Every structure is written in structure tokens, then in C-alpha cells.
1. Only four residue types carry charge here, +1 at the Cβ of Lys and Arg and -1 at the Cβ of Asp and Glu. Report the dipole size of segment 101-194 about the Cα centre in Debye, rounded to the nearest 20.
2. Find the centroid of the Cα atoms in segment 25-58 and in segment 67-117, then give the distance between the two in whole Å.
3. Can you give the calculated 222 nm mean residue ellipticity of the chain, where each DSSP H run of n ≥ 4 adds -39,500 (n - 2.57) and the sum is split over every residue, rounded to the nearest 500 deg cm²/dmol?
4. Using only alpha carbon positions, build the gyration tensor of segment 94-194, then give the equivalent ellipsoid semi-axes as the square roots of 5 times its eigenvalues, largest first, whole angstrom.
5. Compute, for the chain, the length of the dipole vector about the Cα centre, with Cβ point charges of +1 (Lys, Arg) and -1 (Asp, Glu) only. Units Debye, rounded to 20.
6. Enumerate the helices in the chain for which the Kyte-Doolittle hydropathy averages -1.0 or more and the C-alpha atoms extend at least 24 Å along the helix's axis, using complete DSSP H runs.
7. Return the Cα extents of segment 86-153 along principal axes one, two and three, sorted largest first, each rounded to a whole Å.
8. Ignoring any ligand, DNA or RNA, what whole percent of the accessible area of the chain comes from carbon and sulfur when the probe is 1.4 angstrom?
Amino acid sequence: NLRAGLLISSIIPLCLLFAISLMNTFGISANLMSLGAVDFGIIIDGAIIIVEFVLFSMSGGRELLTGLKGAELRDVKNKMVIKSASKMMRSAIFGQLIILIVFIPILVLSGVEGKMFRPMALTFSFALVGAMILCLTYVPVMAALFIKPSSKQRSLSDRLMQFLMRIYQPVIQLALRMRYAVVGLSLIWLKACF
């Protein structure tokens, strides 16, 4: 979904703007060491979780949205987005909090190590805090405004997943029927690797 992709992509510059603002406030210089650690994949992780579930909910509730126009459509979409975002918010924020906790040991380093790595940890933490704030506010609002339910026609990803499931289903059923042989072969393979 192009709109969902653009919404998620818009998180990156906003998080960087938030991080650079806090870097300026706390007197952290913008250099390769401090800015090079910002991982865009981790920053947009919470937004992806929320937007994907909003898309899933809207495609599942497509029947509710058909025939509605104007304020009525907007109200139903808003309720769907609020319900979807609220359901996934805990997962999104919890995942980002775990990543923030990982940086605590780096923040307590002293000496040369502290001077080298503390700016990097602070910059990344600032960007992640910005991402959390945007997940709570910006992402649900923009999802309600710009995301439309997908059409009934199947996309390329749906067809690809259906093709892969046709291959995967018989293999997993065979593996479950022959579970002792699968476990035995796995142990033999593990022993052969070591």
C-alpha cells in the first residue's frame, strides 16, 4: 500500500528532527559517531506494527465502509483506527522500550569509552523516544486521514503468499505426521555440524 509506505517513511525525518533538536538542547555534536548509529529500521518498527494492523482491520471491515460518504465515513474510519491503534500500541511501545533499555549500560560508561559511545547512545535514544511519541500521536491521525481500505482484487503479495502456502502446507503436514523422523534427522544433522 503506497499510502501506508509513505506514512511510515515520513516517520524517519520527523524522528531525526526530534533527535537533532534534543542533541542541540543537550549539547551533543552531530558527527559520524553520534548520527551513524541511528537505525531507521528500528525507528519505524512501531509505526509498521500500527499501520499494518490498521490496514488489516480496514480490509477486514471493508463491508462497513462501503456506501458511506463524508462525515459518516470519516467517523467509522476514525473508530476503526482508534480500535486498531489501541490494540497494537502496547506491542509497539513495549518493543521500543526494550531497545531503549539496552542502551542503559552504554550511558553509564566512563572515561574514553563514555566519551566515544555516550553521544551515540543518547542520539539513538532521542530518535527512539521521538518514534514512540509519533506512534502515539502522529501515526494514528495520519492513518485515519490517508489510509483507505484495500480493494477486493488480490495483490501480488496475496497471490505470492497463496502460492507459498500451497507448497508449505503439505510439507508441514508431512513433517507433523513423521515427527519422530524429523526430530531424529535434526539431531543427526546437529551432531554432524559439530
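1. Details: 10 positive and 2 negative charges, 97 e Å.
With only Lys, Arg, Asp and Glu charged at Cβ, the dipole is about 460 debye.
2. Cα centroid to Cα centroid, the span is 9 Å.
3. Details: 12 runs with 161 residues, N = 194.
For the chain, the value works out to -26500 deg cm²/dmol.
4. Working: eigenvalues 349, 204, 21 Å².
The answer is 42, 32, 10 Å, longest axis first.
5. Values: 19 positive and 8 negative charges, 155 e Å.
Dipole about the Cα centre, nearest 20: 740 debye.
6. Values: long enough: 70-102 (46 Å, 0.56); 111-136 (37 Å, 1.30); 156-177 (32 Å, 0.43).
Helices meeting the span and hydropathy rule in the chain are 70-102, 111-136, 156-177.
7. Answer, in whole Å and largest first: 59, 23, 18 Å.
8. Numbers: 9180 of 13010 Å².
Using a 1.4 Å probe with all protein chains present, the chain comes out at 71 percent carbon and sulfur.
The values are calculated or read from the model by the stated rules, or taken from the named source; none is laboratory data. All figures in this text were calculated on a predicted structure; none of them were measured in a lab. Cβ atoms come from the backbone with ideal geometry, glycine included; neighbour counts cover every protein chain shown. The area values use the complete protein model at the heavy-atom level, side chains included, leaving out ligands, DNA and RNA. Shrake-Rupley method; radii C 1.70, N 1.55, O 1.52, S 1.80 Å.
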